[in-house]
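*Asks:* Sending over a structure as structure tokens; questions will come in a sec.
Please treat every number below as a calculation from the coordinates, not as lab data. Keep in mind that what you see is a predicted model, and the values were worked out from it rather than measured.
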Amino acid sequence: MDKLINDFSYGLFFWQAIILVILIVLLAKFAWKPILAALAAREEGISNALLAAENAKKEMQNLKSDNEKLLAEARAERDAMIKEAREIKEKMIADAKSEAQAQGEKMIESAKASIESEKNAAMAELKNQVSSLSLEIAETLLKGELSNKEAQTKLVEKMLGDAKLN
């Protein structure tokens, strides 16, 4: 350090100071403006990017709320469709039950009518058979009783007696 102080030269100092001033002037004239312009452009780019990010964030929030609204509407529509389908299903089941019940009642009525008609036919046939058997029995009895003259008289008297009682 002593050597620097001892070897100090005013001429060298003067020229170094002039070179430094010229360098500063040249830098101020040609370098500082582009550097400051680049820094300003970079600062502006960063602020624009921050604004774009903020806008994108707001837009994402808007899209998210829109999506939630759409999902809510879709859920409400789905619930309405499910409710409508259930109502249609219940109506179809009720209609099928009432139709089946009506058909069952018709079948029961038809079966009752068929049974009644078969019963009447069977009763008529039974009456016919009973009457024909009764006639055969009466014919056989009368042949046996009418073969005898005395039995005939008793039968006529008995029938006359029965006729007066009624």
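*Asks:* Based solely on its DSSP helices, what 222 nm [θ] is calculated for the chain when runs of n ≥ 4 H residues each add -39,500 (n - 2.57) and the sum is averaged over all residues, nearest 500 deg cm²/dmol? Could you put the intermediate results ahead of the total?
*Replies:* Working: 4 runs with 153 residues, N = 166.
Dividing the helical sum by the residues of the chain leaves -34000 deg cm²/dmol.
*Asks:* By a straight-distance test (C-alpha under 17 Å), which lysines pair with LYS89 as possible cross-link partners, with residues fewer than eight away in the same chain excluded?
*Replies:* LYS97
*Asks:* Can you list, largest first and rounded to whole Å, the semi-axes you get for the chain by taking the square root of 5 times each eigenvalue of its Cα gyration tensor?
*Replies:* 145, 14, 10
*Asks:* Which whole-angstrom value gives the distance between the alpha carbon centres of the stretch 11-33 and the stretch 66-84?
*Replies:* Here the two parts' Cα centres lie 75 Å apart.
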